[in-house]
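Trainee: Take this structure, written in structure tokens, and hold onto it; I'll ask about it next.
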Amino acid sequence: MPVALFLALKFLREGKAASTLVIAAVGVGVSVIVFLSALIGGLQRSLIEKTLGTQAHVVVRPQEERPRPQLRPAPSEGVIVASREQRPAQRVRSIVGWQRTMAELAADPEVEAVTPVVTGPGFAVRGTASKSVAVLGIDPASYVRVVTVDTRLVAGALPRSGTEVAIGSELADDLGVEVGDKLRIQAAGGRTELFTIAGVFRLGNREVDARWVLVTLRAGQTLLDLVGGVSSLELRVRALFEADRTAARMTAHTGLVAESWMQLNAELLTALRSQGASSLLIQVFVVLAVTIGITSVLVVSVVQKRREIGILRAMGATRRRIAAVFLIQGGALGMMGSIVGVATGVGVATLFRRTAVDPRGQPLFPIEVEPSLVLVAVAIALGTGLIAALLPALRASRLDPAVAIRHE
Amino acid sequence: MSDAGERDAPVLELRGVIKEFGQDPVTRVLDRIDLRIEHGEFAALVGPSGSGKSTLLNLLGLLDRPTAGELRVLGRDTATLDDAAITALRGRAIGFVFQFHHLLPALSAVENVMLPLVLAQGRTRASDRTAALEGLREVGLAARADERTTRLSGGQQQRVAIARALVGRPPLLLADEPTGNLDTQTADEIFELLREFNRRWRMAFLVVTHSPELAERCDRVITLVDGRVVGDRRPR
Ligand SMILES: Nc1ncnc2c1ncn2[C@@H]1O[C@H](COP(=O)(O)OP(=O)(O)OP(=O)(O)O)[C@@H](O)[C@H]1O
Ligand SMILES: [Mg+2]
């Protein structure tokens, strides 16, 4: 064993009470970091998952028909006066040549899956009840690779034929229907079709579960008067947080409007980011407190051990070796504290997940400790310990052996 | 310098060594000391309190540097050595025994004795323990090897300190009042122990003592008064 390590361990064991206290303090700090990161990480992941459970990462739509300002001849050069604006009537429009665009998008290495969708407003009619709905004509096979409705079916299946429909659980409750019942759907354009309910899904978003009506692409095209056309192409990308850049690239490439989930959920992203920032701030303060704790214990130890340091120097210990003895103590305190802290943090997180549950036994908070988090916590604590020990180590190494050894 | 050279040169050689403390006023604690100690000598350093005995021992032990003058250890001019070289030379050439034994309470008796070997090599080895146990046996403490030193008596602690100072077989052993806080009988035993090692291994010993009786039993008595060597005689 290297002599510095040997002495560091002996000194730590000698000051058992102080060592234990510091290790406990570092442990508390590290467990706060681990627990907080696990909680916030879990919350963020579940929020994103919830959001993306009903959304494609990127949606490609046709260019908006711009409100056309009617230009008058300019009164003087450089001045344009806009007068009446005419907003085009809202109607479902198709992407021109969508099959080719879809093939191009599918070939993009960033794209994991792409699916054609036709959407438009309508009403679901059952007896005298009538609900405003969003009709989505989808290709179930490829759609589930973009939005995972198939895993969120509470009954039945997705539509397999032009006469079948899958509806949200809220809508099913509102209308008092279940799988096998008939449902009449009327598009805003006036067309009406009668469908059989093949499935009921719950995506976890009230708005979506109360309004979405899924039919096959062909049935949707007929209903929405857009035979052969699609109103959007929806994509899943590989790099979730690169979606805005990918979308921008697609806009530039196709000339269509490509919007990412990040643009549509800008507020959520801002919230996530500020949450991340505040958790970082807490971590910084915890690290600071841990550093101060380790430093103060080692500074006291150096003062107490002046004589012993003098003896060690007299016995042939170099300044560097003396410094190493205290650096190792700092690192070891950080290391042991982090092990205690990780164990505590994981324990509390597990306890939290077990006890904070809803009546169905599902965890209220999606808390998850990732292995990388553990490694990062240990590395931070180790580094912190070493840095905290710098000052005491320097002081120890500078002690004059003759002065340190003089008996008072 | 070669090993042979080291063996031929005196263990210690001082010419005009001066040690001063403080800036304004400057206190001269050691004044133009000339001294030469040969291999295997057993010398006592005596003098009144405050005469500079400990200060001189610190210089000889390379724990401190002279303000002026020449100090050679095993023929090497220490003024030319940097801190690391001084540390290395000290670890190899000089053993210390202090009045307050200065053992490390964090370590057991045998670990204390191992220290000079371990520090010289940079790492612990099984053979160090064997050598340290042998050293403890020589001072009659083999049975207490793994005890914390705080549980040993004053005389026993001093024996451990002697074993530690001798374990590397340094050519020079410096002892600052090694029997100072021991009762007469224990002091006598410790002194005899030092004498025995001096005869057995031909190490040079320089022992500070306040006891005229013990001083008379040395080969040579060096007297220091007010930082000057005023006497250097051979009792027998
Ligand atoms: N680091 C220092 N700074 C200032 N003065 C010092 C220092 N070390 C020693 N002295 C002074 O030098 C003088 C000699 O001290 P030293 O300890 O060498 O005496 P000593 O002969 O060992 O005395 P004692 O027999 O009491 O141990 C004293 O006056 C002391 O105050
Ligand atoms: Mg003294």
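Trainee: With chain B treated as a Gaussian network of Cα nodes joined by springs under 10 Å, which of B:L35, B:L206, B:L57 yields the largest mean-square fluctuation?
Mentor: B:L35
Trainee: I would also like to ask the following. With r as the distance between the Cβ atoms of A:S296 and A:T254 and R0 = 56 Å, compute the FRET efficiency 1/(1 + (r/R0)^6) and round to 0.05. Display every interim value, and only then the final one.
Mentor: Details: r = 62 Å, r/R0 = 1.11.
My answer for the efficiency is 0.35.
Trainee: Given the peptides B:188-197, A:189-198, arrange them by the average over their residues of other C-beta atoms within 10 Å, most packed first.
Mentor: Details: B:188-197: 18.1, A:189-198: 16.1.
Top to bottom by mean Cβ count within 10 Å: B:188-197, A:189-198.
Trainee: Using only the alpha-carbon atoms of region A:92-255, report the extent along each of the three principal axes, biggest first, to the nearest angstrom.
Mentor: Principal-axis extents of region A:92-255 (Cα, largest first): 48, 30, 24 Å.
Trainee: Which FRET efficiency value, to the nearest 0.05, do you get for B:I18 and B:E189 by plugging their Cβ-Cβ distance into 1/(1 + (r/R0)^6) with R0 = 45 Å? Walk me through the intermediate numbers first.
Mentor: On the way: r = 38 Å, r/R0 = 0.84.
My answer for the efficiency is 0.75.
Trainee: Hey, another quick one. At 1.4 Å probe size, with no ligands or nucleic acids counted, give the accessible surface of A:V179 in Å², nearest ten.
Mentor: 60 Å²
Trainee: Could I ask something else about it? Could you state how much accessible area is buried at the A-B interface, both sides summed, with a 1.4 Å probe, in Å² to the nearest 100?
Mentor: On the way: alone 22090 and 11210 Å², together 30680 Å².
Using a 1.4 Å probe on protein heavy atoms, the buried area is about 2600 Å².
Trainee: Normalise the Debye intensity by I(0) for the protein assembly as shown, one equal point scatterer per Cα, no solvent, then take log10 at q = 0.05, 0.10 Å⁻¹ and round to two decimals.
Mentor: Each listed q corresponds, in turn, to -0.50, -0.94.
Trainee: Right, another one. Give the lysines whose C-alpha is closer than 19 Å to that of A:K16, dropping any in the same chain fewer than 8 places away, or say none.
Mentor: Counting by Cα, and skipping residues close in sequence, A:K16 has these lysines nearby: A:K305.
Trainee: Shielding by partners for B:88-98, please: the mean number of other protein chain Cβ atoms within 10 Å of each residue's Cβ. Don't jump to the answer; show the numbers that get you there.
Mentor: Details: counts 2, 1, 6, 6, 1, 1, 3, 2, 4, 0, 7.
Mean inter-chain Cβ contacts per residue within 10 Å come to 3.
Trainee: Tell me which lysines have Cα within less than 16 Å of A:K182's Cα, excluding those fewer than 8 residues away on the same chain?
Mentor: Qualifying lysines at Cα under 16 Å: A:K131.
Trainee: Placing +1 at every Lys and Arg Cβ and -1 at every Asp and Glu Cβ, with all other atoms neutral, what dipole size does the protein assembly as shown have around its Cα centre, in debye to the nearest 20? Write down the numbers at each step before the final one.
Mentor: Working: 76 positive and 66 negative charges, 37 e Å.
About 180 debye.
Trainee: Now for a different question. Pairing the Cα long axis of helix A:3-14 with the longest principal axis of chain A, what angle in degrees results, from 0 to 90 and rounded to the nearest 10?
Mentor: Between the helix axis and the principal axis of chain A, the angle is about 90 degrees.
Trainee: Return, for the Cα atoms of region A:327-393, the radius of gyration and Dmax in Å, separated by a comma.
Mentor: Radius of gyration, then largest Cα-Cα span, for region A:327-393: 16.1, 56 Å.
Trainee: Using only the heavy atoms of the protein chains and a 1.4 Å probe, how would A:R218, A:R245 rank by accessible area, largest first? Numbers along the way, then the final one.
Mentor: Details: A:R218 185, A:R245 150 Å².
If we order A:R218, A:R245 from most to least accessible, we get A:R218, A:R245.
Trainee: Right, next: Above 29 angstrom, tally the Cα pairs of chain B and express them as a % of all pairs, no decimals.
Mentor: On the way: 7489 of 27730 pairs.
Pairs farther apart than 29 Å: 27 percent.
Trainee: Now for a separate question. Below 24 Å, Cα to Cα, which lysines can B:K19 reach? Residues fewer than 8 away in the same chain don't count.
Mentor: Result set, ordered by chain and number: B:K53.
Trainee: Given R₀ = 22 Å, what would the calculated FRET efficiency be for A:R13 paired with B:R123, taking r from the Cβ atoms and rounding to 0.05? Before the final figure, lay out each step's value.
Mentor: Working: r = 19 Å, r/R0 = 0.86.
Efficiency for this residue pair is about 0.70.
Trainee: Cα centroids of region B:185-222 and region A:350-396: how far apart, whole angstrom?
Mentor: 61 Å
Trainee: Sum up the charges of everything whose Cβ sits under 10 Å from the Cβ of B:R217, counting Lys and Arg as +1 and Asp and Glu as -1, but leave B:R217 out.
Mentor: -3
Trainee: Using a simple charge model, +1 on the beta-carbon of Lys and Arg, -1 on the beta-carbon of Asp and Glu, nothing else, what dipole does chain B show about its Cα centre, in debye to the nearest 20? Walk me through the numbers on the way to the answer.
Mentor: Working: 32 positive and 33 negative charges, 86 e Å.
Once rounded to the nearest 20, the dipole reads 420 debye.
Trainee: At a probe size of 1.4 Å, how large is the accessible area of A:T251, to the nearest 10 Å²?
Mentor: Roughly 50 Å² of A:T251 is accessible to a 1.4 Å probe.
Trainee: Given Cα pairs under 8 Å that are at least 6 residues apart, what percent is the relative contact order of chain B? Write down the numbers at each step before the final one.
Mentor: On the way: 469 pairs, mean separation 66.1, N = 236.
Relative contact order comes out at 28 percent.
The values are calculated or read from the model by the stated rules, or taken from the named source; none is laboratory data. Every value quoted in this text rests on a predicted model; they were computed, and no experiment measured them. Cβ: placed from backbone, ideal geometry, glycine included. Neighbour counts: every protein chain shown. Remember, those area values only see protein heavy atoms, side chains included, never the ligands or the DNA or RNA. Shrake-Rupley method; radii C 1.70, N 1.55, O 1.52, S 1.80 Å.
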